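Remarks on the structure that follows.
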Amino acid sequence: MDGTCSALITGAGIAGLTAASALARRGWRVEVIEAGGEAATTGWGLSLTGPSLRALDALGLADRCLARGYGMSVITNVDLEGAETTIGLPRLIGRDRPAMAGIARPELHRILRAEALRLGVRIHYGLSVSRLLPGNGGAQAELTDSTTRTADLLVGADGIRSTVRDLLGRSAPIRYHGQMVWRALVPRPGWATGIHTFAGSRHQTGVVPISASRAYVFLTENGVRPDVLPDAVLAPRMAELLAPFTGRVAEIRPHVARSGSIVRRPVQTAFVDAPWSDGPSVLIGDAAHAPSPQLASGAALAIEDGVILAEELDRRQDIRKALEAFVDRRRERCELLVETSVTIAALEQAQRHRDAYPLIEACHRRMARPA
Ligand SMILES: Cc1cc2nc3c(=O)[nH]c(=O)nc-3n(C[C@H](O)[C@H](O)[C@H](O)COP(=O)(O)OP(=O)(O)OC[C@H]3O[C@@H](n4cnc5c(N)ncnc54)[C@H](O)[C@@H]3O)c2cc1C
């Protein structure tokens, strides 16, 4: 009514909250609906790579993430024979700031949520979309509380199992790649000033600092069914899987065995081959393109999506054309990342770590180019 454009965003995850802030900064009236609760984000950590920090910096949030997380610039890979190779990551937000950061997921979530609220975004929890209605130019949706919303733009940022994607009639088969990823929070070892990965004869593991005092240990278990294990067996089972590793991993294993904060997730990917936009609606983040965790870049793509979506909408009067331009700009980069992550998952399972390392490095360098 006041000439301001309005957006309804489904999903208050990384993509949804960054898109909300990016649009609100450009004067949009934004409402976010989130199916889960306010404190639903579980406690494992996340690596924010250079492109993530660059996109967060565009929203004025990189320094907050660095202050609440742990800045670092080197990945050290230790192969089966114990030989170390290091990857020096490009510093995309200036030589005086680190190349990347590790951060606890709830911390990142608090930063993104606080910024969205500061910018006037309204966030509703326990609410989702049940039906898309034919809109008169804009988007119209019926929500799960039986109310309807009309907005100029509808953003589906509701993750790899996106409901909006289904409602738009876009399919994206969720592919399981035979691996389960384990994560446990541990005290940060003094030597963990960057990411360390360790190849094993069956599985891979690694350590990522997320604050001065904490780190998470990840373990990628190969050749396993994506079953759910009872919470009580997670710590002893993860410690058992770490048992063949010696050296630095053996040092942190007792902390894993005692950890009460272990999560285990399937390595899976999804990619929407069809256009991600449909009239005034668009898919972003994992709803459109979900890579496997190996490249630690799903959040980077999600944050970039939010920033670039707002940029493209700012450039054009016509929302549909802006969404098409957004998809054109994003598709190749996101597809490359998803497919490279699939290749790396396969190389890891074939114990071809020496082939995987250069591919990971090349992908990080490619991602360092402007989005
Ligand atoms: C084990 C693991 C480790 C990872 N590690 C990293 C890493 O180190 N670095 C990195 O960059 N990326 C990593 N990723 C990838 C990263 O987590 C995702 O790419 C990122 O979270 C995608 O953000 P998103 O907002 O699109 O989706 P999500 O984070 O999944 O958020 C979607 C939100 O939508 C909500 N939602 C779902 N359905 C509905 C609905 N119907 N209505 C309303 N709301 C809904 C959900 O509750 C959620 O809050 C990892 C992924 C996994 C699985």
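Assorted remarks:
- Label reach from Arg202 (point 7 Å along Cα→C-beta): in region 214-230, amide nitrogens under 17 Å belong to 219-227, 229.
- Taking the chain and dividing mean pair separation by its residue count, relative contact order in percent (alpha carbons under 8 Å, at least six apart): 21 percent
- Normalised by the number of residues in region 283-371, the mean separation of alpha-carbon contacts (under 8 Å, six or more apart) gives a relative contact order of 32 percent.
- Separation of region 212-237 and region 272-330, taken as the distance between their Cα centroids, equals 32 angstrom.
- If you wrap region 183-333 in the convex hull of its Cα atoms and look at it from every side, the mean projected area works out to 11.3 nm².
- Working note: Debye formula, equal point scatterers on the alpha-carbon atoms of the chain, no solvent; log10 I(q)/I(0) at q = 0.13 Å⁻¹ is -1.02.
- Using the average count of surrounding beta-carbon atoms within 10 Å as a protection proxy, the listed peptides 49-61, 336-348, 26-38 rank, highest first, as 49-61, 336-348, 26-38.
- Percent accessible area from carbon and sulfur atoms, region 214-371, protein chains only, probe 1.4 Å: 50 percent
- If you wrap the Cα atoms of region 160-213 in a convex hull and average its projected area over all directions, you get 6.1 nm².
- Mean residue ellipticity (222 nm) of the chain, computed from DSSP H runs ≥ 4 via -39,500 (n - 2.57), nearest 500: -11500 deg cm²/dmol
- At 1.567 mPa s and 4 °C, Stokes D of region 102-250 from Kirkwood alpha-carbon radius, µm² per second: 67 µm²/s
- Here the accessible area is traced with a 1.4 Å probe on the protein chains. For region 43-148, carbon and sulfur cover 47 percent of it.
- Contact order, relative form, for region 7-141: 34 percent (alpha carbon pairs under 8 Å, 6 or more residues apart, mean separation divided by residue count).
- Debye intensity ratio in log₁₀ form over the Cα atoms of region 75-154, taken at each q of 0.17 Å⁻¹: -0.88
- Accessible area per residue for region 118-160 is 49 Å², calculated with a 1.4 Å probe on protein heavy atoms, without ligands, DNA or RNA.
- At the residue level, Met180 shows approximately 10 square angstrom of accessible surface with a 1.4 angstrom probe and all protein chains present.
- Solvent-accessible area per residue, Å², over region 240-342 with all protein chains present [probe radius 1.4 Å]: 38 Å²
- Solvent-accessible heavy-atom area per residue, rounded to whole Å², over region 1-117 at 1.4 Å: 38 Å²
The values are calculated or read from the model by the stated rules, or taken from the named source; none is laboratory data. Quantities reported herein were computed from a predicted structural model and do not represent experimental measurements. Every residue, glycine as well, gets a Cβ built from its backbone with ideal geometry; the counts of neighbours run over all protein chains shown. With ligands, DNA and RNA removed, areas are computed over all heavy atoms of the protein, side chains included. Shrake-Rupley method; radii C 1.70, N 1.55, O 1.52, S 1.80 Å.
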